[in-house]
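The values are calculated or read from the model by the stated rules, or taken from the named source; none is laboratory data. A quick note: this is a predicted structure, and the numbers were derived from the prediction, not measured. So basically every Cβ, Gly included, is an ideal-geometry build from the backbone, and we count neighbours across all protein chains shown. For accessibility, only protein heavy atoms count, side chains too; no ligands or nucleic acids. Shrake-Rupley method; radii C 1.70, N 1.55, O 1.52, S 1.80 Å.
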Amino acid sequence: MSKVYADAGAALQGVLKNDITVAAGGFGLCGIPENLIQAVVESKVTGLTIVGNNAGVDDFGMGLLLKTHQVKKVIASYVGENKEFERQVLANELDLQLTPQGTLAEKLRAGGAGIPAFYTRTALGTKLADGKETKTFDGREFVLEESIRADLSIVKAWKGDKAGNLVYRQTSRNFNPMIATCGKITVAEVEELVETGELDPDQIHTPGIYVDRIIQGKKYEKRIEFRTVSGAATSKKDSPIRELMAKRAAQELRDGYYVNLGIGIPTLVANFIPAGINVTLQSENGLLGIGPFPAEDKVNPDLINAGKQTITTLPGSSFFSSADSFAMIRGGHIDLSILGGLEVAENGDLANWMVPGKMVKGPGGAMDLVSGVRRVIVLMEHTAKDGSSKILQKCSLPITGKGVVNLIVTDLCVFEVKSGGGLVLKELHPNVILDEVRAKTEAKFEVAL
């Protein structure tokens, strides 16, 4: 029987029903199955459980299904910039199962591989591990996570053939390969559909055995969330103190390091890599070897970083799936992670993913990063908007990781977190005095200036 269907509506006929679980590929708006999502919207099916890294934005991607109230539950790692998604969650109109990004990728991969569950260090000791079984291996505790199988998987590829073989392009690969494997029925859309045999077998990313139906998509918008180009005007958020913080963090880089930079201030670190130091930047959406922002005429919607900004690559770069990306992270192959924070405790606990009742952004890849990389640096303002300290004796917000932070760089100073807990004030920024740091720090600390 032919796997080729005329359009998205025809490909979903007989498969799409009320109250099923639908997994969709994509990261942000990169690599999303635009035509198949629109067909789900037009079908008016309801009671859906949707699975994916995130749920698009308010008026595009999987966010369209939230807007039409066709979804009862979301399993995702990141709420991000989707205001309607966040509103529904805070109003208890939607059941949200937040899952760390790497754990989600592995749940999908395991589901497609017939593995019912696995153990991971990610999220240990956090709210997301509450009630889950744990087990100790080699003296370290791990959390049991169950895999995910979907009734329907919808994915997007760059090229495909009539046998269902798929080839992805650059960072649009992301979650698509794992989601293609975990569906009872998998429907793929491609930008270019070719005859069987025209694709090089050595270049195929998803073998056709996983794909039940395939269409050639039409009129791709391939919207970009954050069009970021070289030489653009400085962001309103950029400031001399933020650059000072990034420059100080860059001093922790060592030649040959593999480094992951979080969104916000940490992205600025790439601008201050010391001379003579060669580091390779990793992005958890599937890229090793991040280059600078592109020129206007080189912007590519299939090439973004984890902050959904358009970027370029460097010689020696490589692309891979989100499952492979987090295998690098959880496996301890990344030397350093630099990320933002809402709070850090004196024992090195980090909170950076939600404010109960007010803000739900989701853990994204942070829980995987802090549990898997060799060293963690947090860049953040010393105080919150209301003037309260963000460096505490104990975190008041849900934590991202227990005892994971090694160094804190704020807009006032630099703290080192001692092995086993305890803060040491190592440096003051220019024009900052010790009394100011004492007044704005709730946590206890030693002074070693």
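List of remarks:
- Filtering Val57, Val51, Val15, Val74 for residues that are of a type in the set (A, V, I, L, M, F, W, C), modelled with pLDDT of 95 or more and farther than 30 Å from Val143 by Cβ leaves a single hit, Val15.
- Boolean, Asp19 is on the phi > 0 side of the Ramachandran plot and surrounded by fewer than 24 Cβ atoms within 10 Å (Cβ to Cβ): yes
- Close pairs (6 angstrom Cβ cut-off, 6 or more residues apart or separate chains): open to solvent by less than 10 Å² (accessible area, probe 1.4 Å) in segment 36-63, hydroxyl-bearing (Ser, Thr, Tyr) anywhere: Asn53/Ser77
- Odd one out for Ser396 among (1) of a type in the set (Ser, Thr, Tyr); (2) surrounded by fewer than 19 Cβ atoms within 10 Å (Cβ to Cβ); (3) not in a loop (DSSP other than H, G, I, E, B): (3)
- Just one residue in the set Gly387, Gly403 is free of Cβ contacts under 8 Å to residues at least 60 places away in the same chain, closer than 20 Å to Gly125 by Cβ, assigned to a loop (DSSP other than H, G, I, E, B) and open to solvent by 20 Å² or more (accessible area, probe 1.4 Å); that residue is Gly403.
- Checking every residue in segment 122-134 against the condition of being small (Gly, Ala, Ser), at negative phi and not in a strand (DSSP E or B) gives at least one match.
- Every residue from segment 269-300 that is assigned to a strand (DSSP E or B) and among the aliphatic types (A, V, I, L, M): Leu281, Leu287, Leu288, Ile290
- Selection of segment 64-82 for residues being open to solvent by 20 Å² or more (accessible area, probe 1.4 Å), in a loop (DSSP other than H, G, I, E, B) and under 18 Å from Asp95 (Cβ atoms) yields Thr68, His69, Tyr78.
- The single residue among Ala275, Ala270, Ala327, Ala295 that is open to solvent by 20 Å² or more (accessible area, probe 1.4 Å) and under 16 Å from the mean Cα position of the chain (by Cα) turns out to be Ala327.
- Residue match in segment 118-127 (condition: charged (D, E, K, R) and farther than 28 Å from Trp353 by Cα): no
- Number of the condition not met by Val370 [criteria: (1) open to solvent by 40 Å² or more (accessible area, probe 1.4 Å); (2) of a type in the set (Val, Ile, Thr); (3) out of contact with any helix residue (DSSP H, G or I) (no Cβ under 9 Å at 6 or more places or on another chain)]: (1)
- Tabulated pairs, segment 86-99, first closer than 16 Å to Asp58 by Cα, second part of a helix (DSSP H, G or I) and among the hydrophobic types (A, V, I, L, M, F, W, C), C-beta under 7 angstrom, 6+ apart or interchain: Gln88/Leu66
- Any pair with Cβ under 9 angstrom, 6 or more apart, that starts in segment 207-226 at a residue that is touching a residue at least 60 places away in the same chain (Cβ under 8 Å) and within 14 Å of Lys162 (Cα to Cα) and ends at one that is open to solvent by 80 Å² or more (accessible area, probe 1.4 Å) and among the β-branched types (Val, Ile, Thr): Gly208/Thr196
- Those residues of segment 135-150 which are in contact with a helix residue (DSSP H, G or I) (Cβ under 6 Å, 6 or more places away or on another chain) and either assigned to a loop (DSSP other than H, G, I, E, B) or open to solvent by 70 Å² or more (accessible area, probe 1.4 Å) (or both), in sequence order: Ser147, Ile148, Arg149
- Among the candidates Asp349, Asp411, Asp335, residue that is open to solvent by 10 Å² or more (accessible area, probe 1.4 Å), of a type in the set (D, E, K, R), at pLDDT 95 or above and out of contact with any strand residue (DSSP E or B) (no Cβ under 8 Å at 6 or more places or on another chain): Asp411
- Taking segment 152-178 as the range and being among the aliphatic types (A, V, I, L, M) and assigned to a helix (DSSP H, G or I) as the test, only Met178 passes.
- Qualifying residue in segment 179-196 (condition: open to solvent by less than 20 Å² (accessible area, probe 1.4 Å), outside any strand (DSSP E or B) and in contact with a Phe, Trp or Tyr (Cβ under 6 Å, 6 or more places away or on another chain)): yes
- Index of the failed condition, Leu379 passing every other in (1) within 27 Å of Glu141 (Cα to Cα); (2) crowded, with 23+ Cβ neighbours inside 10 Å: (1)
- Among the residues listed as Lys218, Lys156, Lys222, Lys162, the single one being within 15 Å of Val4 (Cα to Cα), in contact with a Pro (Cβ under 8 Å, 6 or more places away or on another chain) and of a type in the set (Lys, Arg): Lys156
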